[in-house]
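A.B. asks: Let me give you the structure first, and then I'll get to my questions.
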Amino acid sequence: ERSYSFKELEAKWMPVWEDLQVFKPLDDGSKERRYVLDMFPYPSGDLHMGHAEAFAMADVVARYWKLRGYDVLHPIGWDSFGLPAENAAIKNNAHPSEWTYANIETQAESFKRFAIASDWSRRLHTSDPEYYKWTQWIFQQLHKAGLAYRKDHPVNWCPKDQTVLANEQVVGGLCERCGTEVTKKTLNQWYFKITEYAEELLADMEGLHGHWPERVLAMQNNWIGKSTGATVRFQIKEQGAQAGKDVTVYTTRPDTLYGATFMVVAADAALAEELVAPEHAAELDAYREQLSHLSDIDRLSTERKKTGVYLGRTAINPLSGEEIPVWASDYVLADYGTGMIMAVPAHDDRDIEFAAAMDLPIRMVVDTGEEDPAVSKVATMGDGVLVNSGPLNGLPKDEAIAKAIELLGEAGTGEAATNYRLRDWLISRQRFWGTPIPVVHCDDCGEVLVPEAQLPVTLPEDMRGEDLAPKGQSPLAANDDWKNVPCPQCGGAAVRDTDTMDTFVDSSWYFLRYIDPNNDEKIFDSAEVNKWGPVDQYVGGVEHAILHLLYSRFLTKVLHDLKLIDFDEPFSALLNQGQVLNGGKAMSKSLGNGVDLGEQLDLYGVDAIRLTMVFASPPEDDIDWADVSPGASVKFLNRAWRLAADLNAAGVGPDVDYSQGATALRQATHKTVDEAARLLDSQRFNVVIARTMELVNTTRKQIDSGAGVTDPAVHEAVTVVAQLLSLVAPYTAEEMWELLGYEPSVATSSWLEVDPALLVEDTITAVAQVKGKVRDRFEVSPNISEEELEALALASANVQRAIGDKGVRMIINRAPKLINIVPNN
Ligand code: ANZ
Ligand code: ZN
């Protein structure tokens, strides 16, 4: 007799699928297209449990849609530029490509073994010149559109990694990668003007509600950080040689103008230097020097004691005419709003701390019913009625805001304004293993784009080991052969830009390239991309809730505006799969609780591991590997497989007439299919597996209870079991499919058409008792006859065992719910 061996099945079916190119889309328009995508992996070592979990979830969607008759695109590739490859190269005196491509091969083999339903012919790697050529092309399109520019800017600098860090890469003042304290350094850097799209990025989230996790939308919303208020111009009082100049502040609370008792300019802003009176200049300089060591996060921390420098100037309040002192401090940021504020200590936390530290006046202008902040030293921020505010007195806060804006407008000293916390995207990196910025700097012509015909600007292949070590500038800057080129415009001596792009640029458009990955004439064929895009279902970790998703949304909008694509949001639906934990904690080297994916696959097989992951919880929840039982999954798969094996042994094939099958089992089968569709559409994958398990049990009972394996309803039920299992356990399902007498592949089979007549009635559970004691249960039709129920009960092995050799004295038949058999004494 045959037995179930996952090892044999894995070896048997993978080559067949590759041969049949099961997951290559038809792409001929004969079927409706669906695009499902996992966030592509970074090639650090082999696949881990987290990859497996994410890819298992996306695969359920891909395989389900295929069964439902869609033409499914589910590509795979690698996000293969980045720092770890460079660090490995420095350590091993190698080129980063060696480590990168070796790891990609390892991962690719693992993905294939893991039976990811991908079209491998579309595979891409962002570090391939064929790919990054188009990343460079995108840079140039942004440049031409005025959306890529350079500026001198104090940037977050990691002194250990010797690189610039984006704000997001500074966590609690420390470098996200190495934990070193971040400092500031002024560099000339490339930026993408994402701020130009702030409003659109915000507004278009409207359409994503219900399709993206709410918390991701909330995080994007906060990151964009829209606020509304007013800009207000104050006049600096004439002093000696210093003429009276205007300064502008941004405030969300123009209603509190009469409570402004001082002004504060960001100490590191150029404006601070402009404003400072000569006798205070030295003090300001010293303060700025200290400041260069602080991160923005520290600066904004409410824990730190407020510090600052009086600039020796006085400003005039445009509404009240009051004269107030001008200070510089680090708690005002140079690059938010206008870099200067009117301080209203009575109603702002940070201002009141500063006022307390510098002994500046506090004046309540909004009466909230709480204690006067001048007394309590606690700012009140709620709604209330205006006091001490001239023409605003008596108005509630909202009306006072409107009135203040109106008065400022009349006086020509201010107007309503909107502000965003979102900053432009700093894309320059002083690292080697990234996409080179396709620009040449010429003394005569300035910034010149490398002509399109000369793209890609490739990375040199002869740099390795120490050549790549960070030295405070890009390693490429030390490579004269690479760097020195004739100016594309005037032919004179010029140098290449030696920075590379943030790897988030590479990953912000890869989903488009998958649609036309081998195009060497264009970034992609727009018509093709419009057929498949946008991605119908994106799957990935919540750690990408902000940056990757925001950058992808931004670039999609830019490409849309450049008329390259006709949609302007990249991902119609997003699923954040949970994490795989062990012992309730994330797996980590330091905790020593890591679970090796390869070992798990060797022990239990791919199908059982995938099944375990999908069955453990709803896809968005974490899984604790300490709580699951892959061994039980193996047993279940064995039981399911056995059904098909039994049918095969009995010679039952798909040619049987299902309409002749036992009604109760047919109802159970059709009900399962009907419910599974709804569950899969709402991503309750774990429940689908529970239902599949129930159908396996019901089918086995039906076989055992009389009609036997030849009942046509059994073949129908097992066909459905194989299809549902194919979503998570493709090897087992494919083998079952063959045992059922079908041609491969189950993945390309069609979803059972539900017969509504079989859905009308639910099955009910009939109980079989022997002498009043429950011995068995069956799922039966509520219309089951007394004879049928009796036959079912007497065929039960459990019932027979209880009767033993005594013979039956009496049967009390209460079909459909109960049958009680009383044996002879
Ligand atoms: C006066 C005022 C009174 C303010 C009050 C608040 C409460 P959001 O919502 O974040 O936009 N601000 C403006 N520019 C700043 C900068 N560069 N650095 C630090 N703080 C700055 O907040 C805007 C508010 O933050 C502004 O409104 C300003 O303080 C402060 F009862 O102005 B407010
Ligand atoms: Zn030139």
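The values are calculated or read from the model by the stated rules, or taken from the named source; none is laboratory data. Source: prediction; values computed, not measured. For neighbour counting, all protein chains shown are included, and Cβ atoms are generated from backbone atoms with ideal geometry for every residue, glycine included. Surface areas here come from the heavy atoms of the whole protein model, side chains and all, with no ligands, DNA or RNA. Shrake-Rupley method; radii C 1.70, N 1.55, O 1.52, S 1.80 Å.
A.B. asks: Could you pull out every one of the lysines with an alpha carbon less than 18 Å from that of Lys806, ignoring same-chain neighbours closer than 8 positions?
C.D. replies: Lys771, Lys773
A.B. asks: Rounded to the nearest 0.05, what FRET efficiency do Gln473 and Asn518 have when you use their Cβ-Cβ distance and R0 = 35 Å?
C.D. replies: 0.45
A.B. asks: Moving on. Given H placed on each backbone N at 1.01 Å, which residues far from Val485 in sequence or on other chains put an amide H within less than 5 Å of it?
C.D. replies: Ala494, Val495, Arg496
A.B. asks: What relative contact order, as a whole-number percentage, does the stretch 708-789 give when Cα pairs under 8 Å and 6 or more residues apart are counted?
C.D. replies: Once normalised by length, the contact order is 17 percent.
A.B. asks: In a shell of Cβ-Cβ distance under 11 Å around Val276, excluding Val276 itself, what net charge do Lys and Arg (+1) and Asp and Glu (-1) give?
C.D. replies: Taking every Cβ under 11 Å from that of Val276, the sum is -3.
A.B. asks: Using Cα-only point scatterers and the Debye equation, what is log10 of I(q)/I(0) for the stretch 437-526 at each q in 0.12, 0.14, 0.22 Å⁻¹, rounded to two decimals?
C.D. replies: -0.49, -0.65, -1.13
A.B. asks: I've got another one for you. How far, in nm, would the chain grow between Ala586 and Asp204 when pulled straight, counting 0.36 nm per residue and subtracting the alpha carbon separation?
C.D. replies: 134.1 nm
A.B. asks: Quick check: residue separation of Asn530 and Arg68 times 0.36 nm, minus the Cα distance between them. What number comes out in nm?
C.D. replies: Values: separation 462, 0.36 × 462 = 166.32 nm, distance 2.20 nm.
Net length gain for the segment: 164.1 nm.
A.B. asks: Taking +1 at the Cβ of each Lys and Arg and -1 at the Cβ of each Asp and Glu, which of Val61, Tyr604, Tyr310 sits farthest along the dipole of the chain towards its positive end, judged by Cα position relative to the Cα centre?
C.D. replies: It is Tyr604.
A.B. asks: Rounded to whole Å and sorted largest first, list the principal axis extents of the Cα atoms in the stretch 530-604.
C.D. replies: Projected onto the principal axes, the Cα atoms of the stretch 530-604 cover 51, 25, 16 Å.
A.B. asks: A further question on this structure: Quick check on the stretch 733-825: what are the equivalent-ellipsoid semi-axes from the Cα gyration tensor, as sqrt(5λ), descending, whole Å?
C.D. replies: With the √(5λ) rule applied to the stretch 733-825, the semi-axes are 36, 18, 9 Å.
A.B. asks: More than 18 Å apart: what percent of Cα pairs in the stretch 374-481 qualify?
C.D. replies: Taking all Cα-Cα pairs of the stretch 374-481, the fraction more than 18 Å apart is 72 percent.
A.B. asks: Taking K and R as +1 and D and E as -1, what net charge do the other residues with C-beta under 13 Å from the C-beta of Ser389 add up to?
C.D. replies: Value of the local net charge: 0.
A.B. asks: For Gln800 and Arg177 in one chain, what is 0.36 nm times their gap in residues minus the Cα-Cα distance, to one decimal in nm?
C.D. replies: Between Gln800 and Arg177, full extension yields 217.5 nm more.
A.B. asks: Using Cα-only point scatterers and the Debye equation, what is log10 of I(q)/I(0) for the stretch 483-537 at each q in 0.19, 0.21, 0.25 Å⁻¹, rounded to two decimals?
C.D. replies: Scattering profile of the stretch 483-537, log10 relative to I(0): -0.78, -0.82, -0.93.
A.B. asks: Using a 1.4 Å probe on the protein chains only, how many percent of the accessible area of the chain belongs to carbon and sulfur?
C.D. replies: About 48 percent, which is the carbon plus sulfur part of the accessible surface.
A.B. asks: Among the listed pairs Lys112/Lys585; Lys31/Lys193; Lys112/Lys133; Lys91/Lys112, which are separated by more than 32 Å between their Cα atoms?
C.D. replies: Pairs exceeding 32 Å: Lys31/Lys193.
A.B. asks: On to the next question. Bins of 10 Å, beginning at zero and ending with the bin holding the largest distance: percent of Cα pairs per bin for the stretch 20-107, please.
C.D. replies: 16, 36, 26, 16, 6, 0
A.B. asks: Given a 1.4 Å probe, how much area per residue of the chain is accessible, in Å²?
C.D. replies: Each residue of the chain exposes 41 Å² on average to a 1.4 Å probe.
A.B. asks: For Ile812 paired with Asp596, estimate the spin-label separation in nm (one decimal), with each label point 7 Å from Cα along the Cα-to-Cβ line.
C.D. replies: Simple spin-label model gives 6.1 nm for this pair.
A.B. asks: A further question follows. How much space per residue, in cubic angstrom, does the convex hull of the C-alpha atoms of the chain take up?
C.D. replies: So the per-residue Cα hull volume is 228 Å³.
A.B. asks: Once each part is reduced to its C-alpha centroid, what is the distance from the stretch 142-208 to the stretch 61-126 in angstrom?
C.D. replies: If you average the Cα positions of each part, the centres end up 27 Å apart.
A.B. asks: Here's a follow-up. Which percentage, to the nearest 5, of the DSSP beta bridges contained in the chain is antiparallel?
C.D. replies: Percent antiparallel among DSSP bridges in the chain is about 75.
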